[in-house]
Amino acid sequence: MGHPVLILVVQRIALGLVLLFAVSVLIFVGTQILPGDVAQSILGQSATPVSLANLRAELGLNDPPVTRYFNWLGAVLQGDLGRALTNGQDIAEAMGKRLGNTLFLAFWAAVISVPLAILLGLIAVRYRDRWPDKVISTVTLATVSVPEFLLGYILVYFLSVKFRLLPSLATVYDGMSLGEKLYAISLPVLVLVLVVLGHMMRMTRAAILNVMQSAYIETAELKGLRPFAVIARHAFPNAVAPVVNVVMLNLAYLVVGVVVVEVVFVYPGMGQYLVDHVAKRDVPVVQACGLVFAAVYIGLNIVADVVSILANPRLRHPK
Amino acid sequence: MTDDLARLISRIDASRISRRAFLNRTVAFGVAAAVGTSLLASGARAQEPKKGGTLKMGLGGGETTDTMDPGLADSPVPFSVGRQWGDTIVDVSPDGEIEPRLAESASANEDGTVWTFKIREGVRFHDGSVMTVDDVVATFRRHSDANSKSGALGIMQGITDIRADGGNVVFTLSAGNADLPYLLSDYHLIVQPGGGVDAPNAGIGTGPYRLVSAEAGVRYAFEKNPDDWDTTRGHYDAVEIFVINDATARTSALQSGQVQMINRIDPKVAKLLARSPGVQVKNVSGRGHYVFIMHTNTAPFDNKDLRLALKHAIDRQEMVEKILDGFGGIGNDIPVNAAYPLFDETLPQRAFSVEKAAEHYKASGHDDSPIVLLVADTAFPGAVDAAALFQQSAAKAGIPLEIQRVPDDGYWSDVWNVKPFCASYWGGRPVQDQMWSTAYMSTADWNDTKYSNPELDALILEARSETDEEARKALYGKIAAIVHEDGGTICPMFNDFIDAHSDGIAGWIEDANYEMMGGYASSKTWMA
């Protein structure tokens, strides 16, 4: 105990928790200043003054905000995310399913894109400034530059409408086999892979190239090692920290940033769930989603930092 | 069975003189008569329906927050879902007649204050239990409870008593209403076991399809109800509804063959979609209309001349062409059109006139300060563009219209019914009385033009209980003329419902009641 690495890791996690608490305050304040009011939005154009007053009282909207914040936080700490105002569903239960779907999509996108990005990065470095490098860089730069909805629509047009190879609807539901689910999500996975690939690949390439300037790489080269071995075995391990960072950033995007892709492919994930409830001013759900997204984001960043700490030889072997 | 059929059809034939004459007769003589056409309609079909297959529908207008409670249904998907598993006691046929569903017949006393509906016998709910008159009574009581959040609460307000009387349900009204069957056809009023009091979300009814699974905002699955009391419908083995809110995703799902029917086609793409192979676009003009509403009790809109100036300054033809791409009809500053029974065709169509607009504007003595119109696309699709067109045509008459674009969020709470001049949308109602009394009576909660005119209020009440068809039509003519001239509504257009289906579907018929054949697309079509 007391190893400096351990202290650093514990500090990093503690900082993450403090950050999460701060975010919870921000989320709560943010949801209070949304325009309109929940009761009105639930009832929509058909609201009458009497039904509005009834609903407001029923929803507890007449309590002061501070009271509501601490009531909410207390419940969340006990694992109770509350009930949706609009339809009375248990949020944890409803969200669990949606989060599961989002993670399912993110998992397959990550499983394909992360190794692919690193492999392509290694190849690009190996053939630096020659045609493989140029092709990889150009293609990934193009896919990362196109907005994901446009990429989605282009793929739907060609692969679903024109040639009918893959389904344009990615709706998944209970009772589907794994194979059916994978077939259903093939297009959104493809879009996500294309969107995140460029970022990760270019970061890998840049980080390795940076390391390639080092004296020990020159030594390895002078020893006569094959170029790919030099890159993969000597350069890459020293470029892990920045690569992990960008990988985590993209994983976070795959979980919290895929609203647009979910809408285009009608995928029942967290993004659609959140959008529906924002539109209806279903504050408890919006708060719960915000908190989960923040936790995912902060969690993945902690992982990235911890990996960076562990991957740093100077920290692992302090003098 | 054949005897029954012959009897029913002969009665229907007798009743097809006119909807109103027929209703009048039942009102005048208190005769219980069949009010039905569904068997006739199926007999009249050229093609015999085929059975089997799974129908997949891609529908926009559903959310994760939806429930199965028919009383809370307020958007297209919950509406369509209700049509799969439930029945109302009566419904409005595609040609505007009242047709029997769970009630076999209806009759009223002379002044239309007591209505008796004979409830069909031997109908089973999906859980196997037999539907009773008590279930029907309990259903109506649930929706008329003052604490109910039901969307049908407003409709039920004129009903003072609902009771069972043998095989009948009897409604007593505070004032005569010749249109009661139309009100009771409201889609919220699905008959549920025990009235749905204990389990409003169960999705158990008497409809053509039984609920298999429901995931709000994602997918609903149904299978054929083998015990369906109406054997002329429900031709598919199974029906699936996929919620697809993104318009592009919806059309591509149809084009790629993943669904066979979609709703809510954007008028701007309808013609393009119609050109793609294997797809048929179906549009039908309905009662929904797009409006700009002025609060008649707020300056400067409390000035009749200014209201008339603005009414003359809008180019309705251009709006229908550019905003609806031709998929709609021209409005005439009243909330009703020829799709309504007893519509008065003699009311002159108001045309775009720079001269008249300028004349009235001058007469209003307005100080040339900008007239602010609040608008967001949530009011109706293309509302912002429509406002821009309005601004340009008004400018020609020297009227300084200023467009203020506001967020979609909170539009219905912060702008509509609050600000004195904004864009809005009305879905229409089955009968004129309901449209006028919902939005133009001075006492109505949804009187969104804040129009108060004792003469109009009296006329609406008079028309409601008037049982003579001609007299009633004349009253509606007077009502329309008053609102046309004096009201706060600028109604440039009535929008079409635009749906589409694949070539594999047969039996599609025009139904102006609502999109997707009034919700009966899955009941009445079949696999070609």
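Numbers at a glance
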item	result
Selection count where residues are touching a Leu at 6+ places or on another chain (Cβ under 9 Å), surrounded by fewer than 17 Cβ atoms within 10 Å (Cβ to Cβ) and modelled with pLDDT under 95, scope region B:455-484	1
Odd one out for A:Met176, checked against (1) part of a loop (DSSP other than H, G, I, E, B); (2) touching a residue at least 60 places away in the same chain (Cβ under 8 Å); (3) aliphatic (A, V, I, L, M)	(2)
Selected residue (only one of B:Ile204, B:Ile314, B:Ile265, B:Ile244 is within 14 Å of chain A (Cβ to nearest Cβ) and farther than 19 Å from B:Thr525 by Cα)	B:Ile244
Residues within region B:149-161 that are outside any helix (DSSP H, G or I) and of a type outside the set (Lys, Arg), tallied	8
Region B:50-74 residues that are over 30 Å from B:Gly504 (Cα atoms) and within 12 Å of chain A (Cβ to nearest Cβ), paired with ones that are surrounded by fewer than 18 Cβ atoms within 10 Å (Cβ to Cβ) and polar (S, T, N, Q) (beta carbon under 6 Å, 6 or more apart)	B:Thr67/B:Asn201; B:Asp69/B:Asn201
Lone qualifier among B:Ala146, B:Ala178, B:Ala164, B:Ala202 - being crowded, with 23+ Cβ neighbours inside 10 Å and either among the small types (Gly, Ala, Ser) or part of a strand (DSSP E or B) (or both)	B:Ala178
Number of the exception - A:Ile208 against (1) crowded, with 23+ Cβ neighbours inside 10 Å; (2) under 30 Å from B:Arg250 (Cβ atoms); (3) not polar (S, T, N, Q)	(2)
Count of residues meeting criterion [more than 15 Å from A:Arg281 (Cβ to Cβ) and either in contact with a Cys (Cβ under 6 Å, 6 or more places away or on another chain) or surrounded by 15 or more Cβ atoms within 10 Å (Cβ to Cβ) (or both)] in region A:16-32	5
Residue, farthest from the other protein chains (Cβ to nearest Cβ), within region B:214-238, restricted to residues that are within 26 Å of the chain's Cα centre (by Cα), small (Gly, Ala, Ser) and on the phi < 0 side of the Ramachandran plot	B:Ala214
For B:Leu273: the one exception among (1) closer than 13 Å to B:His501 by Cβ; (2) in a loop (DSSP other than H, G, I, E, B)	(2)
Residues (within 18 Å of A:Phe107 (Cα to Cα), free of Cβ contacts under 8 Å to residues at least 60 places away in the same chain, away from every other protein chain (no Cβ under 14 Å) and in a helix (DSSP H, G or I)) located in region A:239-269	A:Val246, A:Met248, A:Leu249, A:Ala252, A:Tyr253, A:Val256
Count - residues of region B:484-513 that are farther than 21 Å from B:Ala253 by Cβ and either within 13 Å of the chain's Cα centre (by Cα) or in a loop (DSSP other than H, G, I, E, B) (or both)	11
Region B:432-449, subset at pLDDT below 90 and assigned to a loop (DSSP other than H, G, I, E, B), residue nearest to the other protein chains (Cβ to nearest Cβ)	B:Asp445
Members of region A:164-181 found to be facing chain B (nearest Cβ under 10 Å) and hydrophobic (A, V, I, L, M, F, W, C), listed by number	A:Leu165, A:Leu166, A:Leu169, A:Ala170, A:Val172
Test: residue in region B:338-359 that is in contact (Cβ under 8 Å) with a residue 60 or more places away in the chain, part of a loop (DSSP other than H, G, I, E, B) and within 15 Å of B:Gly398 (Cβ to Cβ)	no
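This table checks each residue for (1) within 16 Å of the chain's Cα centre (by Cα); (2) within 25 Å of A:Phe149 (Cα to Cα); (3) modelled with pLDDT of 90 or more.
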| position | (1), (2), (3) |
| --- | --- |
| A:Val189 | yes, yes, yes |
| A:Thr204 | no, no, yes |
| A:Arg226 | no, no, no |
| A:Pro237 | no, no, no |
| A:Val240 | no, no, no |
| A:Val258 | yes, yes, no |
| A:Pro268 | yes, yes, yes |
| A:Gly271 | yes, yes, no |
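The values are calculated or read from the model by the stated rules, or taken from the named source; none is laboratory data. Just so it is clear, the structure is predicted and the values come from calculations on it, not from any experiment. All Cβ positions, glycine included, derive from the backbone under ideal geometry; neighbour counts span all protein chains shown.
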